[in-house]
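Written out below as structure tokens is the structure these notes cover.
The values are calculated or read from the model by the stated rules, or taken from the named source; none is laboratory data. Remember, predicted model here, so these are calculated numbers, not experimental data. Ideal geometry is used to build each Cβ from the backbone, glycine not excepted, and the neighbour counts take in all protein chains shown.
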Amino acid sequence: MKYISTRGSAAALDFEGVTLAGLASDGGLYIPESWPRFSDNEIAEMAGLPYAELAVRIMAPFTAGSLTEEELRGLCHAAYGSFAHDAVTPLVQFDQQHWLLELFHGPTLAFKDVALQLLGRLFENFLSRSDDHLTIVGATSGDTGSAAIDAVAGRERIDIFMLHPEGRVSEVQRRQMTTVLAPNVHNIAIDGSFDDAQAMVKRMFTDPSMATSHGGRFRITAVNSINWARLMAQVVYYFAAALQLGAPQRKIAFSVPTGNFGDVFAGYVAAQMGLPIERLIVATNVNDILHRALSSGDYSAGTVTPTAAPSMDIQVSSNFERLLFDAGGRDGAALAEQMRGFEASKAMQLTNAQREGASALFTSARVTPEEMVKAMRWASDHCGEIIDPHTAIGLYAACSMEIDAAMPIVTLATAHPAKFPDAVSEATGQHPELPARLGNLFEREERFDSLPGTYEAVRDYVAQRATESA
């Protein structure tokens with residue numbers, strides 16, 4: 001399997017190459033040269049497989065040439081053996097049409113664990129083949145940071161630098177990052193938004209001074225969903241849910257609360273691979289750039305509004321570029337010009353081809369804070385389920401869609417409600433408790449550095465400490 005950049009000018013790489021590179025050298029995102037596709041019979045044969053075995057079946061075409069099937073199997077069993085639920089991503093029924101896909105049974109209680117527990121092991125496997133030292137630089141709006149840190153803390157020849165917007169993540173989210181005191185973990189709180197942090201990370205990948213100032217002794221890579229390997233691992237749970245609900249004989253719809261578009265793009269990949277997905281509902285909060293882009297073609301960034309669903313407080317959705325490339329005709333040169341215009345002006349209109357390509361599978365909804373609370377109360381009062389604010393946004397969007405009542409709609413539950421206790425308590429009157437496996441999180445020592453929201457400050461911080469480690 002070879003991978004190409006959405007912006008057309010970076011060299012094609014194999015799976016190992018794109019995993020270690022993260023972002024393409026031309027500023028684009030890597031995507032498979034072509035989509036592998038399963039027949040209905042091949043999908044039907046996957047029914048009943050344990051999650052790790054299903055993961056091997058789904059991911060093997062993407063890793064071909066870089067991992068043997070046995071190597072991939074060992075990595076998958078190690079990654080998913082650490083989850084608190086044997087099903088890894090279990091389904092829960094709300095009513096006759098609506099289902100919940102619980103993605104929070106990993107070590108940090110968020111869907112990011114499904115991919116990052118595997119990604120950490122992939123990094124370690126590939127590093128064992130060389131003398132490289134890997135420097136991971138990432139930005140988090142709440143959950144990616146803790147999941148990535150848990151996946152690589154203490155691993156040899158890896159350092160991780162994680163940026164989060166100071167004061168804009170929940171206390172549980174922050175502590176899950178800052179109480180990990182492993183020497184290879186560096187937490188950075190920046191004065192700014194997640195979009196600011198994400199822009200710094202992407203700039204670092206194309207900064208010539210970062211490429212030359214370290215003497216080539218280590219390589220920079222990403223754990224955000226700009227890294228293809230992360231997104232690939234998320235494709236699996238779409239297959240897992242759909243198979244349990246009757247695929248391939250039955251079509252399924254999914255509602256996905258999303259800010260950076262990675263989680264829902266994984267559903268798009270599943271559809272390209274042959275999974276019978278009728279509709280992907282993109283659920284946003286009031287930071288609604290994705291809703292505006294999909295409903296009217298207006299991809300223009302506004303000011304980030306802090307909400308009770310901080311992981312969605314985003315105005316620049318990195319993974320949307322992958323959809324624009326694939327659905328718009330795979331013209332890398334044209335997309336590169338389009339994205340340069342967006343990066344300069346923070347405003348862009350989708351082309352007719354991009355809009356038509358997206359509308360074949362995607363629809364969207366903008367959910368207000370009041371509607372989010374309404375969904376949390378409905379889940380609690382009518383179904384006995386306590387859900388977090390992000391999941392509630394997905395559920396409200398799912399319930400607002402006019403979809404045939406005979407078709408299952410699966411809402412992705414992206415985080416455990418105990419990560420957002422104040423919002424949950426205010427909406428439902430119930431205080432969600434942290435699972436016992438998180439132990440004394442609120443008693444542990446925290447360690448992080450606060451930096452001004454300037455690229456130079458963050459770049460110099462990373463360069464100095466990464467050089468010392470290499």
>> Can you name every one of the helices (runs of 4 or more DSSP H) wholly within region 259-351 that holds 1 or more residues which are within 23 Å of residue 26 (Cα to Cα) and at pLDDT 95 or above?
In response: 262-272, 320-327, 332-345
> If you check 24, 52, 60, 79, which single one turns out to be in contact with a His (Cβ under 8 Å, 6 or more places away or on another chain) and surrounded by 16 or more Cβ atoms within 10 Å (Cβ to Cβ)?
Replying inline: 52
> Do the conditions hold for residue 16, that is, is it in contact with a Leu (Cβ under 9 Å, 6 or more places away or on another chain) and either on the phi < 0 side of the Ramachandran plot or not small (Gly, Ala, Ser) (or both)?
Replying inline: yes
>> So the check is Cβ under 7 Å with 6+ separation or different chains; which pairs have a first residue in region 148-163 that's on the phi < 0 side of the Ramachandran plot and a second one that's of a type in the set (D, E, K, R)?
In response: 155/124
> Which of the residues spanning region 385-402 are at pLDDT 95 or above and surrounded by fewer than 17 Cβ atoms within 10 Å (Cβ to Cβ)?
Replying inline: 400, 401
> Which condition number does residue 66 fail, the rest of (1) crowded, with 17+ Cβ neighbours inside 10 Å; (2) assigned to a helix (DSSP H, G or I) being met?
Replying inline: (2)
> Among 43, 31, which is of a type in the set (Val, Ile, Thr), surrounded by 14 or more Cβ atoms within 10 Å (Cβ to Cβ) and not in a helix (DSSP H, G or I)?
Replying inline: 31
>> Just the residues that are of a type in the set (Phe, Trp, Tyr), more than 14 Å from residue 51 (Cα to Cα), out of contact with any Lys or Arg (no Cβ under 9 Å at 6 or more places or on another chain) and not in a helix (DSSP H, G or I), please, taken from region 77-135.
In response: 94, 99, 111
>> If I filter region 108-120 for residues that are in contact with an Asp or Glu (Cβ under 7 Å, 6 or more places away or on another chain), crowded, with 24+ Cβ neighbours inside 10 Å and farther than 25 Å from residue 323 by Cα, do I get at least one hit?
In response: yes
> Pairs under 9 Å by beta carbon, first residue more than 27 Å from residue 305 (Cβ to Cβ) in region 188-215, partner in a loop (DSSP other than H, G, I, E, B) and at pLDDT 90 or above, six or more apart or different chains?
Replying inline: 205/24; 205/25; 205/27; 206/25; 206/26; 206/27
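Each row is one residue, and each column tells you yes or no for (1) buried (at least 16 other Cβ atoms within 10 Å of the Cβ); (2) on the phi > 0 side of the Ramachandran plot; (3) touching a Phe, Trp or Tyr at 6+ places or on another chain (Cβ under 6 Å).
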{"position": "306", "(1), (2), (3)": "no, no, no"}
{"position": "310", "(1), (2), (3)": "yes, no, no"}
{"position": "313", "(1), (2), (3)": "yes, no, no"}
{"position": "320", "(1), (2), (3)": "yes, no, yes"}
{"position": "326", "(1), (2), (3)": "yes, no, no"}
{"position": "329", "(1), (2), (3)": "no, yes, no"}
{"position": "334", "(1), (2), (3)": "yes, no, no"}
{"position": "343", "(1), (2), (3)": "no, no, no"}
